[in-house]
Amino acid sequence: MTTFKTLLLAAALVAPAAMTATAADAQVSGIAVADAQGAIANSKAWNAARAQIETTYKAQLDQAETRRQAVARELQPLVTAFQTAQRAPGATEATLRPQAQAIQTRENAANQELARLTQPAQRAQQYAIEQIQAKLSDAVTAAVRAKNVSLLLRPEAALFAQPTADITAAITTELDRLVPTVSTAVPANWQPNQQGGQQQQGGAPAPAAAGRAPAATRPAPQGR
């Protein structure tokens, strides 16, 4: 089972599964594609920062994961009872609502608790990512120039593209050159997105959400 710590630290940046080493070395001209999130995810600075965050905040992340599992166990009987009531003859949204609300209230409280536990790690993660994002535009420009690209698309915007048209790895190489390391020591007065405008560069990755109870524990009342 994927742990809460893994979800927290990995969900913010997901590298494309089809990225290959040849993409970085290929000569590209004309139209190319690139995944900005994947470029950041594969950067040396991000991977070093992620490892540092896992170490620095291990106690809090482990505590959050333990608590998340406990909450899931607490909610499961409530969910099972709700599902049984949902299948009962004559069940309606009105009769099911109290049980659904009780589950939702408990889940919301758990989410708030987990958010408090993981907030330091999340802030360090966001701080590290923003430092890399600050150089993303420069990295894209350098990669585009080196590959003679006249039009750069996101992968999802292209109906088809040869693997050699993907310059994501080239952008990662430029990021490694421009920002080899980042700090995970968050200044006391720092707030996310202070550097501004970075979300426009290739879809900047969003910070991982605070702990959430498994989706299976979120019932949706259905009237009959």
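Going by a ≥ b ≥ c, the root eigenvalues of the Cα gyration tensor, does the stretch 27-73 fall in the rounded group (a/c under 1.5), the prolate group (a/b larger than b/c) or the oblate group?
oblate
Report the net charge of residues surrounding Asp35, where surrounding means a beta-carbon distance below 13 angstrom and charges are Lys +1, Arg +1, Asp -1, Glu -1.
Here the count lands on -1.
Can you compute the FRET efficiency between Arg177 and Arg116 using 1/(1 + (r/R0)^6), with r the Cβ-Cβ distance and R0 = 25 Å? Round to the nearest 0.05.
Given R0 = 25 Å and the Cβ-Cβ separation, E is 0.05.
Which of rounded, prolate or oblate describes the stretch 83-136 when judged by the alpha-carbon gyration tensor and an a/c cut-off of 1.5?
Prolate, because a/c is 1.5 or more and a/b exceeds b/c.
Sorting check: for 158-166, 138-146, 38-46, which peptide has the highest mean count of neighbouring beta carbons within 10 Å, and how do the rest follow?
With the highest mean Cβ count within 10 Å placed first, the list reads 38-46, 138-146, 158-166.
Local charge sum around Pro192 (other residues, Cβ-Cβ under 15 Å, Lys/Arg +1, Asp/Glu -1)?
That works out to 0.
Only the coordinates and a few stated rules stand behind these numbers; no lab work does. From a predicted model like this one, the values you see are computed outputs, not experimental measurements. Backbone-built Cβ (ideal geometry, glycine too); neighbour counts: all protein chains shown.
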